[in-house]
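The values are calculated or read from the model by the stated rules, or taken from the named source; none is laboratory data. Just so we're clear, the structure is a prediction, and the values are computed from it rather than from any experiment. Note: ideal-geometry Cβ built from the backbone for every residue, glycine included; neighbour counts use all protein chains shown. When the accessible area is computed, the model is the full protein with side chains, heavy atoms only, and any ligands, DNA or RNA have been set aside. Shrake-Rupley method; radii C 1.70, N 1.55, O 1.52, S 1.80 Å.
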Amino acid sequence: MNNTLHESETSSDVTVQGALEGVRVLELGQLIAGPFCGQLLADLGAQVIKIELPGRGDPMREWGKGEPVWWPVIARNKKCITLDVRTQQGKTIIGELVEKADIVLENFRPGTMEKWGLGYADLAKRNKGIIMVRVSGYGQYGPYSARAGYGGIGEAMGGLRYIVGDPSTPPSRVGISIGDSLAAMFATIGALSALQFRQRSGLGQVVDSAIYEAVLGVMESTVPEYDQLGTIRERTGSILEKIAPSNVYPTADNDMIIMGANQDSVFTRLCEAMQKSELAMDERFSTHIARGNNQAELDELIFSWSKRFTADALLALLEKHAVPAGRIYRAPEMLQDEHFTARDSIVGVEHPEYDNLKMQNVFPKLSATPGKIKWAGPGLGQHNEEIYQGLLGYSASDLERLKEDGII
């Protein structure tokens, strides 16, 4: 993995560390919405201590298409320990960890942590500066808060599922757990904001990230469109209604490219590439509104033109005229692309079971304090000795007793 920075991007007298170096996070919970937030924080340098039930662990350890290859990504850079937080001894140990932590991250159903005596009020008694990041389907309060909430339900309730897919079919999935991931990203923003406030005040707080609200937060102008205009955005397949030209276009070699030329200046350049400069002055297409009103007709003109070229030739021509365009990538194309390689967008990571395991790198790229992948997702309880003995000062006999009692 190459994390080398250009000389102009960082000062030579700064020791490069992760931006969140020195921040300690206790991650409870499982699956995606909470743990992806933990991954993001760990990627940026925080020490994330992931707490799992003894003998069971996070179900993500078994997830993947044929092989459990998701765990090495979502648990990367974390230190994994086992602890039964439902026992009295487990709660005592959590309290000791909280005293040495900055953030507690959890994504259980609201009320679960309180039932265990580990709600925010309980934790704040041990550490007034503790930040509790809580990710759930519907948030920590409200009439639906106690409901079980999965990402797909949040995507539907937040408005995303309705507009994804072709108008001739029922609503489609995005293809990834986007609701969970969005909730985790908003939770990360909240955690960083709370850290900044604590630096000024010394006080912690609760960060309440709901999946449906995270989805709602990226739904653009769909709410005011209905509120003020009575318009409900519908499924439109490969296009955005009234945004033209912006579509998937065929090529002579049966490939497809994505092209967007809906801005006036870009559309003019597309017309020049098509050797039909007069289209830019045609009243049907000369303005953004006109192109939107004649979207289907304009796309047909471009379809008949684009399929005269191979994908390579078409992309070269569009690049020459500064028209945004590109192929539709899958993992094989990403691994072969020179731009991905140049930016280390995908890196190989050492793993005890997989040879040079490829995964996405740390994003975004910070010039002075770049994040990096230090290790892939660890084994269950791999860091028990380091955390219990090194951080909490337990003896080897203490650990053996905790193991015998099923606490760790």
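Scanning the range 253-297 for residues that are part of a loop (DSSP other than H, G, I, E, B) and touching a residue at least 60 places away in the same chain (Cβ under 8 Å) yields ASP255, ALA261.
When the range 203-223 is limited to residues that are in contact (Cβ under 8 Å) with a residue 60 or more places away in the chain and assigned to a loop (DSSP other than H, G, I, E, B), the one that is farthest from the chain's Cα centre (by Cα) turns out to be LEU203.
Within the bounds of the range 229-248, is there any residue that is open to solvent by 60 Å² or more (accessible area, probe 1.4 Å), of a type in the set (Ser, Thr, Tyr) and assigned to a loop (DSSP other than H, G, I, E, B)? Yes - at least one qualifying residue is present in the range 229-248. Restricting the range 385-398 to residues that are surrounded by 16 or more Cβ atoms within 10 Å (Cβ to Cβ) and either under 27 Å from ASN361 (Cα atoms) or without any contact (Cβ under 8 Å) to a residue 24 or more places away in the chain (or both) leaves a set whose member that is nearest to the chain's Cα centre (by Cα) is ILE387.
Has the range 189-201 got any residue that is within 30 Å of ILE239 (Cβ to Cβ), at pLDDT 95 or above and either surrounded by 15 or more Cβ atoms within 10 Å (Cβ to Cβ) or out of contact with any helix residue (DSSP H, G or I) (no Cβ under 9 Å at 6 or more places or on another chain) (or both)? Full working, then the answer.
Step one: list which residues in the range 189-201 are within 30 Å of ILE239 (Cβ to Cβ), which gives none.
No, the range 189-201 has no match at all.
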